[in-house]
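Quick notes on the structure that follows.
The values are calculated or read from the model by the stated rules, or taken from the named source; none is laboratory data. Since the structure is predicted, the reported quantities are computational estimates derived from the model, not experimental observations. No Cβ is skipped: glycine too gets one built from the backbone with ideal geometry, and neighbour counts run over all protein chains shown.
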């Protein structure tokens, strides 16, 4: 299922992530030339194959993601989304951060990531 509103991209991401559905994530939520920040200080991943590789590593953790809060600011066919997320991984410390993403309305009316930065402000330091 595709997101029909910008904030739904956040909801859909969590749904696909928690079900371990990498194909659902990639097919429904990412543009072909998407830019992804895999970790603070890491090289940026560009394009679906690179993003797929990075997300596969996160899915392999078998964690459960929860969105603590989220919002979207839309301007025409673009929107800035933010979500405060928590990822609980069995046997590991909980990861937590606030995102900063850009999503774009597609020709079919769905919304997909153009820029996905799950670490938000953490990359500024």
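Points to keep in mind about this one:
- The number of residues in the stretch 29-45 being assigned to a loop (DSSP other than H, G, I, E, B) and in contact (Cβ under 8 Å) with a residue 60 or more places away in the chain comes to 4.
- Every condition in (1) surrounded by fewer than 16 Cβ atoms within 10 Å (Cβ to Cβ); (2) in contact with a helix residue (DSSP H, G or I) (Cβ under 9 Å, 6 or more places away or on another chain) is met by residue 107 except one, and the failing one is (2).
- Hits in the stretch 36-63 - residues which are surrounded by 14 or more Cβ atoms within 10 Å (Cβ to Cβ) and in contact with a helix residue (DSSP H, G or I) (Cβ under 8 Å, 6 or more places away or on another chain): 36, 37, 38, 40, 45, 48, 51, 52, 55, 58, 59
- For the stretch 6-21, the set of residues classified as farther than 12 Å from residue 113 by Cα and either out of contact with any helix residue (DSSP H, G or I) (no Cβ under 6 Å at 6 or more places or on another chain) or not in a helix (DSSP H, G or I) (or both) consists of 11, 14, 15, 17, 18, 19, 20, 21, listed by residue number.
- Candidates in the stretch 46-71 are the residues that are part of a strand (DSSP E or B) and under 13 Å from the mean Cα position of the chain (by Cα); of these, the one that is nearest to residue 104 (Cα to Cα) is 70.
- Scan of the stretch 99-121 for residues that are over 17 Å from residue 55 (Cα atoms) and either out of contact with any strand residue (DSSP E or B) (no Cβ under 9 Å at 6 or more places or on another chain) or at pLDDT below 95 (or both), ordered by number: 107, 108, 109, 121
- The condition of being within 21 Å of residue 4 (Cβ to Cβ), touching a helix residue (DSSP H, G or I) at 6+ places or on another chain (Cβ under 7 Å) and part of a strand (DSSP E or B) does not hold for residue 114.
- The criterion of being without any contact (Cβ under 8 Å) to a residue 24 or more places away in the chain and assigned to a strand (DSSP E or B) holds for residue 86.
- Residue match in the stretch 90-98 (condition: touching a residue at least 60 places away in the same chain (Cβ under 8 Å), buried (at least 17 other Cβ atoms within 10 Å of the Cβ) and not in a helix (DSSP H, G or I)): no
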